[in-house]
Amino acid sequence: MLPQLEPAELPADAIEVGRIHDAWGIKGWFKVLPHSASPEALFSSKRWFLQPSEKAAKPPFSGTVLLRVREAKEHSDSIVATAQDIDDRNAAELLKGSRIFVPRSSFPTAGDDEYYWVDLIGLQVVNREGVALGEVRDLMATGPQTVLVVGYEHEGKPAERMIPFVSAYVDDVDLPGKRITVDWQPDY
């Protein structure tokens, strides 16, 4: 049986960072599937906000609840965590599929020339000549580099451009100005 988790309001700056995959061990630990290859946000926050999976036929809780994390760590090729009031495998199993949110304000500060993907989505992309190329709709990890997926309209229909997010093509990222300047042409 799932202990009573504290109902909570989802913070205005909440970002979904992962999901609870399954129970791990017998003492209430659980496996987490992070949405990012660099899950620092999971480690930096001790307060996770959970919402039930959209697919859960009978969710163990409704709305948003607060999960007070005791510890989250890397283990082999995954992330495992334990939280207050989740003391056994049965309680951990009931969390399976839960969506994990943390406030953007609790993310660690990014280094110079480092950006969180969530901060790049929605930025306008222009080239050196000031030609608007579109808006960042998504990012895609391709192995050696990340690619900006830039949406725009072509002859009245939605289209996408793929621009490598590397210094050879990206001149400037202006987060306050919501703009990325690139060395890229509209016909590439």
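Here Val166 clears all of (1) part of a loop (DSSP other than H, G, I, E, B); (2) of a type in the set (Val, Ile, Thr); (3) closer than 23 Å to Leu10 by Cα except the condition numbered (3). Please go through the range 109-130 and pick out each residue that is at negative phi and exposed (fewer than 12 other Cβ atoms within 10 Å of the Cβ). Listed by number, the residues that qualify are Thr109, Gly111, Asp112, Glu114, Glu129. In the set (1) farther than 27 Å from Lys46 by Cα; (2) free of Cβ contacts under 8 Å to residues at least 60 places away in the same chain, Ile180 fails one condition alone, (2).
Counted as qualifying within the range 44-144 are the strands (runs of 3 or more DSSP E) with 2 or more residues that are acidic (Asp, Glu), outside the structural domain of Leu33 (by TED's automatic domain parsing) and out of contact with any Cys (no Cβ under 7 Å at 6 or more places or on another chain), namely 132-141. Residues that are in contact with a helix residue (DSSP H, G or I) (Cβ under 8 Å, 6 or more places away or on another chain) and more than 17 Å from Leu33 (Cα to Cα) were ranked within the range 49-93; the one that is surrounded by the most Cβ atoms within 10 Å (Cβ to Cβ) is Ile86.
Selection of the range 23-35 for residues being over 19 Å from the mean Cα position of the chain (by Cα) and of a type in the set (D, E, K, R) yields only Lys27.
Has the range 96-113 got at least one residue that is more than 19 Å from Pro176 (Cα to Cα) and more than 15 Å from the chain's Cα centre (by Cα)? Yes. Scanning the range 138-188 for residues that are of a type in the set (Val, Ile, Thr) and surrounded by 13 or more Cβ atoms within 10 Å (Cβ to Cβ) gives Thr146, Val147, Val149, Val150, Ile163, Val170, Val173, Ile180, Thr181, Val182.
Among the residues of the range 22-48, just one is more than 30 Å from Gln145 (Cα to Cα), surrounded by 15 or more Cβ atoms within 10 Å (Cβ to Cβ) and of a type in the set (A, V, I, L, M), namely Ala23.
The values are calculated or read from the model by the stated rules, or taken from the named source; none is laboratory data. As the structure is a computational prediction, the values presented were derived from the model and not from experiment. Backbone-built Cβ (ideal geometry, glycine too); neighbour counts: all protein chains shown.
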